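Working notes, beginning with the structure itself.
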Amino acid sequence: MLTRASVALNSHCTINYNNSELDSMLVHRFIGFLPTPRGVFQIMASFVLEEFLGEGVFKDLIPKFIAAGWDDVPTIKMMNSEDMDFIKLTKQHQDALELRTYLHDRALMEYADRLEASGKSLSELLSLSTVVLSSQFGMKRGHVARFVDQRRTSRISMPPHYTLPARQRSMSSVRKTQVYDRSLTPRTMQMVRSSSKDEISLEQSVLLESKIREGYVFKGIIAAGPAEPRLCGCIQPPQVIDDVAPYSSIENISVQKLTPEYKVGVERLVKKKAPPMKASELWRDKPVILFCVRRPGCIMCRAEAHQLYMRKPIFDAMGIQLIAVLHEQIESEVKDFWPRYWGGLVVLDRNLDFFRALGGGKLLKDKFVSGFLFNRRSIANFKRAADTGLDYNFTGEGEIKGGVFIVGSGRRGIVYQFIERNFGDWAPIAEVIQICSQLQDPIHNREEMITESSTSCSQQDN
């Protein structure tokens, strides 16, 4: 049900509007301090592999990437020169991949085919004048500024002791020395060279694993953005809980699968209505990051989804699943959200039980005026998200706050919970990765890596 609200702009002018995000767009335009949403969809920074590789030099190489294990955009963006040489990419291919990665980081993929077709390298294109970029390649003025700004970098590296699952390194240099030990992989070699500090971490992890086998349940860590007074202290921020939600509050939640995990050629949406399932099935075998999305069309939600999914190779190496949780099903919004901004599984929590668990049993809600217009932190969050250049809209319910759960496999429990206190608060990426790294069983991972390495080397010998 829509409610009425008013915003006093000065002593002579008051706007009355319905408290919905569609009408909020009108407020944005009238006040003039926020950009309006784009009406036409553009590729921008899509995670669709075909859109990332484009219609140029990579058009016929998609099967080659997939066969070698480079089957999603975040993983391909982490390729280094060794990886490119190993799958025999030419200099032209390597230059094109560098260019596309740079454009994807800046949400400028709409220019990728044109810039690639010029035959110029990224460094050559960056040396061109703004006039040439605008006239020759049709770049808009704001896009030119984003393109030439080389400070905008989001290069992602694997944490120490982890290796990309898709990475197939050439062993030729090692074989020349005739000292190659098949029991060692890049990751286990790093573990052999690890310091005493790492050995202590290993012992602690093994101890933690034994506790889990004995039925130990994590008490977890809870986090939220700062609570700042609004409108000079006249409006107090909403209170958030101090304790992690009990595992019992989420294990029996009924969810419905809306999309599969993105792979080239998969159906964009689940064709038949999937039957409801218990949420605990999602993390029965592997830990999971549950990203509870306030509204899939919101630019702040899309930007957080984009940042999380960009680290997919890291979470893959850690054995962590990525799942987005929506609280309403609008088919057009799901299609726009997946897989352009999020390539992981998407499920529907129709009864909003995950969102209630974030709030300690009740929904965390905020009004547009008090929670956004009069909240400096929310406005800063919006500007941070808008700076990514991603598309957005105002479709759907946007007042119910979201957040993040990290849940251990089996019945380990909730190990981390982040609450969106202010509109657009993001769970700190470094914190999420650190928590996920503590869920690993290093001995199990090492045995798995050794098996994969032995199999790979046997195939090469044959």
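Read-outs throughout are calculated quantities, based only on the coordinates presented, and are distinct from any laboratory measurement. Note that the coordinates shown come from a computational prediction; the quantities given were computed from them, not determined experimentally. So basically every Cβ, Gly included, is an ideal-geometry build from the backbone, and we count neighbours across all protein chains shown.
Ordering of 221-230, 370-379 by packing is 370-379, 221-230, highest average first (other Cβ atoms within 10 Å, averaged per residue). Gain on full extension, evaluated as 0.36 nm per residue between Gln94 and Gln329 minus their Cα-Cα distance, stands at 80.5 nm. Placing one equal scatterer on every Cα of region 270-327 and applying the Debye formula, the log10 ratio I(q)/I(0) at q = 0.18, 0.25, 0.31 Å⁻¹ is -0.76, -1.10, -1.18. Stokes-Einstein diffusion for region 361-440, with the hydrodynamic radius set to the Kirkwood value over Cα pairs and evaluated at 25 °C in a medium of 0.890 mPa s, equals 168 µm²/s. Would region 242-311 count as rounded, prolate or oblate if I go by the C-alpha gyration tensor, calling it rounded below 1.5 in a/c and otherwise prolate when a/b exceeds b/c, oblate otherwise? Note, shape of region 242-311 comes out oblate. The overall shape of region 342-403 is oblate: from the C-alpha gyration tensor, with semi-axes ordered a ≥ b ≥ c, the ratio a/c is 1.5 or greater and a/b is no larger than b/c.
With q set to 0.20, 0.27 Å⁻¹, the log10 of I(q)/I(0) for region 88-143, from the Debye formula over equal scatterers at the Cα positions, is -0.69, -1.22.
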